[in-house]
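Read the structure below first, then the notes.
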Amino acid sequence: YTGTYTSYVCFKLEVIDLPSVTTFEYGTFDYLTSLKTVRLGGATITGFDNNVFTGSTTSVTAIIMDHLTNIPTFGTLAMLPTMRNGTCMIYVPRDMVTTLRSADNWSNYGGQILAIEDHMDLMPTWDD
């Protein structure tokens, strides 16, 4: 669980590794103007609130959820500008790709949801 404005205004932060957080609230990644990669390692991520990436990150190119086993809720306003313009990819286990591509709100980004197994260079190195 992250609280509101957890990482508020960290201008130089480029990578966030959160191996066990399950819920992302309003403003969690707010104004992280250098952020490129968000790595979320929990098997069960319950959801992304609206405005998780508020005012933030035109630079995020990867959201990695390499242990995902469920469909997290995804607020209609949770997306990044780079998700809207197609430059942010979402990496999940191969067996979750089709399911996530057809899920509410995630389906808007179906072409950007890819199997992490095809991108091993992005795999996080934390221990389970």
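The values are calculated or read from the model by the stated rules, or taken from the named source; none is laboratory data. Since this is a predicted model, take the numbers as computed values, not measurements. Note that we place each Cβ from the backbone using ideal geometry, even for glycine, and neighbour counts take in every protein chain shown. Ligands, DNA and RNA are excluded from the accessible area calculation, which covers all protein heavy atoms including side chains. Shrake-Rupley method; radii C 1.70, N 1.55, O 1.52, S 1.80 Å.
So here's what we get for this one:
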quantity	calculated
Other-chain or far-sequence residues with amide H under 5 Å of Ser34's (modelled H)	Leu13
Amide H partners (placed H, <5 Å) of Ile64, local residues excluded	Val38, Arg39, Leu40, Tyr91
Spacing of the two label points (7 Å from each Cα toward its C-beta) at Thr73 and Asn50, in nm	1.2
Solvent-accessible surface (1.4 angstrom probe) belonging to Tyr91, in square angstrom, nearest 10	20
